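The values are calculated or read from the model by the stated rules, or taken from the named source; none is laboratory data. For clarity, every value in this text was computed on a predicted model and none was experimentally measured. Cβ placement follows ideal geometry from the backbone for every residue including glycine, while neighbour counts extend to all protein chains displayed. Just so you know, the surface numbers come from the protein's heavy atoms only, side chains and all, with ligands and any DNA or RNA stripped out. Shrake-Rupley method; radii C 1.70, N 1.55, O 1.52, S 1.80 Å.
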Amino acid sequence: MNVSYQWLREIAPGLEGDAVEVADRLAALGAPADAVTAVGAALGDVVVGRVLEVAKHPNADRLTLCRVDAGGEAPVNVVCGAPNVQAGAFYPFIPVGGVLPGGVKIRKAKIRGEVSAGMLCSARELELGHDHMGILRLGDAHEPGAPFVDAAGLDDTRLELDITADRPDLLCHMGVARALEGVTGVRIPPIPGTDVATSTDPAMASAGAQAEAAGARIEIEDTEACMRFLGTVIEGVRVGPSPEWLEMRLRAVGLRPINNVVDVTNFVNHELGRPMHAYDLDRVRGRRIGVRWGAAGEKVVTLDGEERKLSEGMLVIADAEGPIGLAGVMGGLDSEVSDATTTVFLELAHFDPKSVRATRRAAGLTTDASFRFERGVDPDAAEPALRRALAMIVELTGGQVVGDIGDAHPAPSVAHEVTLRTDRVRHLLGVPLTTERVRELLAPIGLEVVDADADATTYRVPGHRLTDLTREVDLIEEVARHAGYDSFPEERLPIRPSAVPDAPLSVLEGRLRERWVGRGFLEARTAAFAPEEEGDVALLNPLSSEESRLRRSLVPGLIRRLRFNQARGARDVRLFEIGTGFAAALSEDDMPRETTRLAAAFTGARRAPHWESPVPEWDVWDARGLLEDMADALELSASVVGWSAAAPRTDIGASLGGTGLDAPSALRLIDAEGAIVGVAGPVAAAVADAPPWSAPWWALEVLLPSDPDLSDRRRLIPLPAQPAVERDLALATPIEMPAAEVDRGIRAAASELLVGLTLFDVYVGPGVDAGRRSLAFRLRFQAPDRTLTDSEVDAEVARVLDRLAEELDVRQRS
């Protein structure tokens, strides 16, 4: 939301402080300024130029050759491509050597054989609007060579406010002034034309879903999509340029002046936050204006010149023969107000936010009007805003209001009331506020007291705060905001710990974060939105076409972060993330499935460099170790094995391709039930797209249990005083059998006396049968209460060998 500081001072004359101080106050009220800039700061080189002559360029059909008086000793020649330049008019001009706001320096140039010594500027080139089809025309009373900033009234400061979706009341200058009124005490005088109607104002002709205004018929077909539609007719208007003060206000907030009628509607929208639209009534067929749903196959050309095909889910403004605009979004070109307009129909409506959002999305179009309607407009400001616009149009165009104001108002808005308990305010804020003080702090908001006692007050919420003041806690937030967050004491008050334990999954996530940070990894936070190839769950309202799905895996987002870091020269990167992955629903009646996961992506050196020895890089054994470490952290009876095309296709198993890992080289973590709960391995080269100097990229992803068992089964066991007995076994195994499978077999056969098992040798060659290999294991036996005898250890080894031979075809080498 762009706010003009001078405009704000005009609404609140007693406002003290410069623009930066006002921005600081607004930040404390929840509306921080992203930027505070002087509107004309970058326009110091621009002056007023008067075009003396306009001739056709001798060598180009679409160019003109202009003689411009810019206040110098003699006029200069300027080649211009805009179609709207006229002799005798005044335009912004930048001479040779001047610099445009974008940093472009103007030089003398020869264009199609003609010298151009300067440039006539459009609003877009001056960063005063988005229009670049025509040169920005000034009024007719200027001095050539005068500073453009002074001539255009741009000695102003613009505050670019960051307004949250729940505060649409701040999307206008009156709303911002009203917010400042509560903390500064400045009084806001009534805006001309918005106060109580006098006898000379047109009367309101309220009706149901239909109304009339000077023979123009108003109809609402869907009273839920359009709750109110005000309209009135102004005859005898003379459409032309707006006065300088009005154009100045619009330029200060980044709008392009168009004509005195349209400029008034834009002005009142930014002043009072109520979008409205003006139609050329003579171009409205049947003098009928209605609100209805569009039909498939219908078309409308909007004010931006684009022809838009309608669908059944789009709300439109229509005359007797067809659509003439998109309701709450943009009017139609066929009924726009032009220089030939003499009769204007001025409309102000109240549309349902969801209907406007659906129409805007279907049209692929966002406007100032749709931005406000989607967040909610003030129903109480409808008549004041319309009367303000009427008074201005009559004054600026010489027109006259004909008949009454038609008011199709099928469902009057219902007042909303909220009760606030003073004890609740004290409990949440921790400060001893009295009931009188609470009422004093809330008074500037416009809340009306409808019931009160010593401990509670019931307020009627004003129309401009209906969207965000819906609960008691919302009022408590306003109390804190208007009291000033910096006024609260800094000392810690007594608290009572909660008896409710933390969620087990949250506790587990905290433990894992400590574990991974301890390994030197940095935690990343990536968005859950992903392109189509990385997700199975489509979003109903995607932020962009490149983020139209919910992610299947966390790894692709981390890979993009690796790419981002390496593009900036960081070779050694270690990132991890705990987040949610999404899978498609199992049936149409089910919701998409969500699983919490831990993912990591890493490349480069395994540790910090040291002069004593070279720094090793991450390799497959590190990836395996991290998987095993996760199994240990989750207390899983799981094993790490290589990837297999015949592996069970669980959620994470099926998403291996989506992680970007190189499948043939990947490792998988399999739990005791045979399900894949984790994967790790090198990132495929095509996915990584790493620079030549980069080390290999590695990634890992593990499913976390939805309801983990946090009963810590580990306990401290003192070292036994008795010695251990070790036996080495050389086992002949099938060559394709993983060592982990033999490991599990030994542990399953031995008793609790087996306290250690280590694989220390692998051998294939003479002395071992073809198709087999030798795996040498060291078994460590120990009892906590006695020294083991040889016969006890021999019995343990014999039991292990019998079990291995029977179940795995594994025998001891002679």
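Points to keep in mind about this one:
- Count - residues of segment 48-75 that are in contact (Cβ under 8 Å) with a residue 24 or more places away in the chain and out of contact with any helix residue (DSSP H, G or I) (no Cβ under 8 Å at 6 or more places or on another chain): 18
- The condition of being touching a residue at least 60 places away in the same chain (Cβ under 8 Å), loosely packed, with under 12 Cβ neighbours inside 10 Å and of a type outside the set (A, V, I, L, M, F, W, C) does not hold for ARG811.
- Checked against (1) touching a helix residue (DSSP H, G or I) at 6+ places or on another chain (Cβ under 8 Å); (2) among the aliphatic types (A, V, I, L, M); (3) assigned to a loop (DSSP other than H, G, I, E, B); (4) modelled with pLDDT of 85 or more, ALA690 meets all criteria but (4).
- Consider segment 584-640 and keep the residues that are of a type in the set (Lys, Arg) and either assigned to a loop (DSSP other than H, G, I, E, B) or farther than 30 Å from LEU539 by Cβ (or both). The one that is least open to solvent (accessible area, probe 1.4 Å) is ARG624.
- Identity of the residue in segment 142-162, open to solvent by 30 Å² or more (accessible area, probe 1.4 Å) and closer than 25 Å to LEU466 by Cα, that ends up farthest from the chain's Cα centre (by Cα): GLU160
- Residues (in a helix (DSSP H, G or I) and touching a residue at least 40 places away in the same chain (Cβ under 8 Å)) located in segment 245-259: TRP245, LEU246, GLU247, MET248, ARG249, ARG251, ALA252
- Scan segment 513-550 for residues that are among the hydrophobic types (A, V, I, L, M, F, W, C) and either in contact with a helix residue (DSSP H, G or I) (Cβ under 7 Å, 6 or more places away or on another chain) or assigned to a loop (DSSP other than H, G, I, E, B) (or both) and the total you get is 9.
- Residues located in segment 441-467, provided they are touching a Ser or Thr at 6+ places or on another chain (Cβ under 9 Å) and either touching a residue at least 60 places away in the same chain (Cβ under 8 Å) or over 27 Å from HIS350 (Cβ atoms) (or both): ASP451, ALA452, ASP453, ALA454, ASP455, ALA456, THR457, GLY463, LEU466
- None of ARG799, ARG778 is within 60 Å of the chain's Cα centre (by Cα) and either under 12 Å from THR733 (Cα atoms) or exposed (fewer than 15 other Cβ atoms within 10 Å of the Cβ) (or both) except ARG778.
- Of the criteria (1) farther than 30 Å from VAL183 by Cα; (2) β-branched (Val, Ile, Thr); (3) in contact (Cβ under 8 Å) with a residue 24 or more places away in the chain, which one VAL39 fails: (1)
- Residues located in segment 676-693, provided they are of a type in the set (A, V, I, L, M) and open to solvent by less than 30 Å² (accessible area, probe 1.4 Å): ILE676, VAL677, VAL679, ALA680, VAL683, ALA684, ALA688
- Residues of segment 76-85 include at least one that is without any contact (Cβ under 8 Å) to a residue 60 or more places away in the chain, touching a Gly at 6+ places or on another chain (Cβ under 6 Å), β-branched (Val, Ile, Thr) and on the phi < 0 side of the Ramachandran plot.
- If you check GLU312, GLU321 for being modelled with pLDDT under 95 and touching a helix residue (DSSP H, G or I) at 6+ places or on another chain (Cβ under 7 Å), only one passes: GLU321.
- Of residues in segment 216-227 being open to solvent by less than 40 Å² (accessible area, probe 1.4 Å) and assigned to a strand (DSSP E or B), the one nearest to VAL284 (Cα to Cα): ALA216
- Cβ separations smaller than 6 Å between residues 6+ apart or across chains give the following pairs from segment 321-342 residues that are in contact (Cβ under 8 Å) with a residue 12 or more places away in the chain to residues that are part of a loop (DSSP other than H, G, I, E, B) and not hydrophobic (A, V, I, L, M, F, W, C): PRO323/GLU298; VAL329/THR367; MET330/THR367.
- Per the listing ALA638, ALA599, ALA605, the residue uniquely of a type in the set (A, V, I, L, M, F, W, C) and modelled with pLDDT under 90 is ALA638.
Rundown of residues vs (1) in contact with a strand residue (DSSP E or B) (Cβ under 6 Å, 6 or more places away or on another chain); (2) touching a residue at least 12 places away in the same chain (Cβ under 8 Å); (3) farther than 22 Å from SER814 by Cα, yes/no style:
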| residue | (1), (2), (3) |
| --- | --- |
| MET737 | no, yes, no |
| ASP743 | no, yes, no |
| GLU752 | no, no, yes |
| LEU759 | yes, yes, no |
| PRO766 | no, no, no |
| ASP769 | no, yes, no |
| SER774 | yes, yes, no |
| ARG780 | yes, yes, no |
| ASP785 | no, yes, yes |
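- Whichever residue in segment 551-583 is in a helix (DSSP H, G or I) and of a type in the set (S, T, N, Q) and, among such residues, is nearest to PRO616 (Cα to Cα): GLN566
- Checking each residue in segment 558-574 for being open to solvent by 20 Å² or more (accessible area, probe 1.4 Å) and not small (Gly, Ala, Ser) picks out ARG560, ARG561, ARG563, PHE564, ASN565, ARG568, ARG571, ASP572, ARG574.
- The single condition among (1) part of a loop (DSSP other than H, G, I, E, B); (2) open to solvent by less than 20 Å² (accessible area, probe 1.4 Å) that ALA278 does not satisfy is (1).
- Odd one out for VAL262, checked against (1) under 26 Å from VAL176 (Cβ atoms); (2) part of a loop (DSSP other than H, G, I, E, B); (3) open to solvent by 10 Å² or more (accessible area, probe 1.4 Å): (2)
- Pairs with Cβ under 9 Å, 6+ apart, first in segment 480-492 and in a helix (DSSP H, G or I), second at pLDDT below 80 and not polar (S, T, N, Q): ARG481/GLY182; ARG481/VAL183; HIS482/GLY182; HIS482/VAL183
- The residue of segment 228-258 that is surrounded by the most Cβ atoms within 10 Å (Cβ to Cβ), among those that are over 35 Å from the mean Cα position of the chain (by Cα) and charged (D, E, K, R), is GLU244.
- Selected residue (only one of ALA74, ALA42, ALA82, ALA55 is part of a strand (DSSP E or B), among the small types (Gly, Ala, Ser) and surrounded by fewer than 22 Cβ atoms within 10 Å (Cβ to Cβ)): ALA55
- Scan of segment 14-37 for residues that are open to solvent by 40 Å² or more (accessible area, probe 1.4 Å) and under 27 Å from the mean Cα position of the chain (by Cα), ordered by number: VAL20, ASP24, ARG25, ALA27, ALA28, PRO32, ASP34, VAL36, THR37
- Checking each residue in segment 616-638 for being hydrophobic (A, V, I, L, M, F, W, C) and either closer than 30 Å to SER706 by Cα or out of contact with any Lys or Arg (no Cβ under 6 Å at 6 or more places or on another chain) (or both) picks out VAL620, TRP621, ALA623, LEU626, LEU627, MET630, ALA631, ALA633, LEU634, LEU636, ALA638.
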